[in-house]
Amino acid sequence: MKENVMKALLSSRPVLWFLFLFNAVVAAAAPFVVDGAQGIATGVGMGVVSLGAASALMRRRNANAA
C-alpha cells in the first residue's frame, strides 16, 4: 500500500517539476557555495536527480501526445 502511494506521489507532475527546478538550482549553486570536491560532488549528484526528473517529465509529455 505504501509503495503505491509513494509511486503516485513521485510520478505526479507538480512533484516532478519541483524536483527538476530545485535540484537544478542547487546543482548550479553548490560548487560556488561549498568548496572543493564536496561542492563538485554535490552539484553532480543534484544534477543527476534533476535530469532524472526532467526525463520523467518528458516521457510523460510524449506519452500524452501519442
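General observations
- Among residues of the stretch 26-56, those that are among the hydrophobic types (A, V, I, L, M, F, W, C) and either at positive phi or surrounded by 14 or more Cβ atoms within 10 Å (Cβ to Cβ) (or both), counted: 11
- Asn23 vs. criteria without any contact (Cβ under 8 Å) to a residue 40 or more places away in the chain, of a type in the set (S, T, N, Q), assigned to a helix (DSSP H, G or I) and open to solvent by 70 Å² or more (accessible area, probe 1.4 Å): no
- Residues that are touching a residue at least 12 places away in the same chain (Cβ under 8 Å) and part of a helix (DSSP H, G or I) were ranked within the stretch 1-17; the one that is surrounded by the fewest Cβ atoms within 10 Å (Cβ to Cβ) is Arg13.
- Inter-residue pairs, beta-carbon under 9 Å, first over 13 Å from Val26 (Cα atoms) and touching a residue at least 40 places away in the same chain (Cβ under 8 Å) and in the stretch 43-60, second assigned to a helix (DSSP H, G or I) and open to solvent by 90 Å² or more (accessible area, probe 1.4 Å), 6+ apart: Leu57/Arg13; Leu57/Trp17; Arg60/Arg13
The values are calculated or read from the model by the stated rules, or taken from the named source; none is laboratory data. Values in this document were obtained by computation on a predicted structure and should not be read as measured data. Glycine also receives a Cβ, built like all others from the backbone with ideal geometry; neighbour counts cover every protein chain displayed. Heads up: the accessible areas ignore ligands, DNA and RNA and are worked out on the full protein's heavy atoms, side chains in. Shrake-Rupley method; radii C 1.70, N 1.55, O 1.52, S 1.80 Å.
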